[in-house]
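The values are calculated or read from the model by the stated rules, or taken from the named source; none is laboratory data. Since the structure is predicted, the reported quantities are computational estimates derived from the model, not experimental observations. With ideal geometry, Cβ positions are generated from the backbone for all residues, glycine too; neighbour counts draw on all protein chains shown. Only protein heavy atoms, including side chains, enter the accessible area calculation; ligands, DNA and RNA are left aside. Shrake-Rupley method; radii C 1.70, N 1.55, O 1.52, S 1.80 Å.
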Amino acid sequence: MAGPFHVNTPLLESTGMSKRLGTTVYLKMENSQPSGSFKIRGIGHLCQKLASQSKGVVCSSGGNAGMAAAYAARKMGVPAMIVVPSSTPEMVVRKMQDQGATVKIVGKVWDDANKEALRLAEVDGFTYVSPFDHPLLWEGHASVMAEVACSLGLKPGAVVLSVGGGGLLCGVLHGLMTLGWTDVPVIAMETIGAHCFNAAVKAGELVTLDDITSEAKCLGAKTVCQKAFECSQSDQYNILSELVTDQQALHAMETFLDEERVLVEMACGAALAAVYSGLINRLQTEGRLPALLGPVVVIVCGGSGVDMQQLSQLKLKLL
Ligand code: PLV
């Protein structure tokens with residue numbers, strides 16, 4: 001398959017969110033990508049650049065990067081090995097196997113699985129696919145901003161997104177740079193317990209978390225990528241690193257399901273909570289965002305690791 005593997009996703013105005021915020025909110029519906037999340041943009045791009053002659057790809061993942069790698073590999077006709085931690089839902093493992101991938105479960109969190117993926121790449125001579133840390137990934141993810149610019153036709157007042165290992169953040173910043181829009185505030189959301197970017201921003205250096213205690217397992221890298229940290233330290237960009245609780249992320253998932261009729265992962269709930277929990281309004285009150293804000297774009301990153309059963313289990317655990 002020659003073309004890109006991702007699709008141009010809809011940019012939808014959300015009446016419910018706009019009403020809450022007092023400014024127009026647009027949803028970039030990355031949940032409707034073929035692999036279920038934005039990950040296919042960067043991973044599809046990286047695989048097409050690096051893996052066409054490859055014996056196969058090996059990707060470590062909390063779930064969604066693996067889904068994207070499995071999808072891209074199938075389209076390219078190369079084998080895929082996905083290494084996930086035990087926190088990845090069984091249902092996601094099955095979905096990756098349905099894409100033809102071989103799945104290996106190693107360790108408790110993504111960092112453990114990643115060690116094994118790096119070892120397998122070395123031993124088997126497979127192309128290693130990082131879920132968030134490669135310039136080609138960021139270049140691929142940047143297409144999301146080019147599409148937003150095209151659909152919106154004007155500069156947004158702010159962009160809201162979730163941060164795991166920081167790949168989406170780096171991609172969006174790359175896209176904003178290409179558009180000459182680096183002054184647009186980027187609200188970088190994490191849950192407490194999966195907050196490696198916020199910890200690094202606060203410490204002024206990369207921080208490795210002891211453990212991932214949040215249920216947003218797909219935000220669960222213990223250390224953010226170096227590039228994301230460097231961007232946070234640079235005057236070139238305007239990044240606001242913010243945290244919500246798991247309860248706020250879960251509540252946001254539920255409100256989004258009720259109002260927009262779309263079920264997304266906790267990892268995505270963190271970004272949605274920036275609107276639903278009143279965080280953006282608070283940033284305006286504090287003068288960290290302008291009181292009169294232009295249209296806010298929320299990247300609905302999506303995620304395959306959720307269904308009604310997962311949602312019920314999360315509610316039992318968290319509420
Ligand atoms: N998930 C990665 C890393 O997990 C993965 O392997 O799938 N939203 C969703 C639905 C995600 O799956 C992820 C990353 C993010 C947001 C954050 O993206 P990042 O890692 O590029 O900051 C451990």
Give a residue-ordered list of calculated ³J(HN,Hα) values for the range 76-85 (Karplus: 6.51 cos²θ - 1.76 cosθ + 1.60, θ = phi - 60°; whole Hz; x for Gly, Pro).
-> 8, x, 10, x, 10, 10, 10, 10, 10, x
Within straight-line cross-link reach of Lys19, lysines at Cα separation under 21 Å, skipping those fewer than 8 residues along the same chain = Lys28, Lys155
Helix 167-179 sits off the longest principal axis of the Cα atoms of the chain, rounded to the nearest 10 on a 0 to 90 degree scale, by 60
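Kindly state, to the nearest 0.05, the FRET efficiency for Leu12 paired with Thr213, given R0 = 45 Å and r defined as their beta-carbon distance.
On the way: r = 33 Å, r/R0 = 0.74.
It comes to 0.85.
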Distance in nm between label sites at Ile105 and Met308, each 7 Å beyond Cα in the beta-carbon direction?
-> 2.4
Ignoring everything but the protein chains, give the 1.4 Å probe accessible area of Tyr128 in square angstrom, nearest 10.
-> 60
Helix axis angle, 110-124 relative to the chain longest principal axis, alpha carbon, degrees | 40
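Ignoring any ligand, DNA or RNA, what whole percent of the accessible area of the chain comes from carbon and sulfur when the probe is 1.4 angstrom? Intermediate results must be reported in sequence, preceding the final value.
On the way: 6350 of 12420 Å².
Answer for the chain: carbon and sulfur cover 51 percent of the accessible area.
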List the extent of the Cα atoms of the chain along each of their three principal axes, largest first, rounded to whole Å.
-> 55, 44, 39
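By average Cβ neighbour count within 10 Å, what is the ranking of 311-318, 258-265 from highest down? Don't skip to the end; give the middle numbers.
Values: 311-318: 13.2, 258-265: 17.8.
Final packing ranking: 258-265, 311-318.
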Taking a threshold of 25 Å on the Cα-Cα distance, which of the pairs Lys39/Lys75; Lys202/Lys227; Lys55/Lys217 fall above it?
-> Lys55/Lys217
Measuring from a point 7 Å past the Cα of Gln226 along Cα-to-C-beta, which residues in the range 176-190 have an amide N at less than 13 Å?
-> none
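Sort 293-299, 303-309 by packing, meaning the average of other beta carbons within 10 Å per residue, with the highest value first. Walk me through the intermediate numbers first.
Values: 293-299: 23.0, 303-309: 19.6.
Order by mean packing, descending: 293-299, 303-309.
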Can you give the angle from 0 to 90° between the axis of helix 39-50 and the longest principal axis of the chain, with both taken from C-alpha atoms, to the nearest 10?
-> 40
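Based on a Kirkwood Rh over C-alpha pairs, give the Stokes-Einstein translational diffusion coefficient of the range 138-297 at 10 °C and viscosity 1.306 mPa s in µm²/s.
On the way: Rh = 15.8 Å.
Estimated via Stokes-Einstein, D reaches 101 µm²/s.
Quick one, can you get me the convex hull of the C-alpha atoms of the range 39-132 expressed as volume per residue in Å³? Could you put the intermediate results ahead of the total?
Values: hull volume 6.7 nm³, N = 94.
About 72 Å³ per residue, rounded to a whole number.
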Asp235 to Thr285: extension gain in nm, 0.36 nm per residue of separation minus the Cα-Cα distance?
-> 15.7 nm
Springs between alpha-carbon atoms under 10 Å, Gaussian network over the chain: tell me which of Asp111, Asp98, Asp210 tops the mean-square fluctuations.
-> Asp210
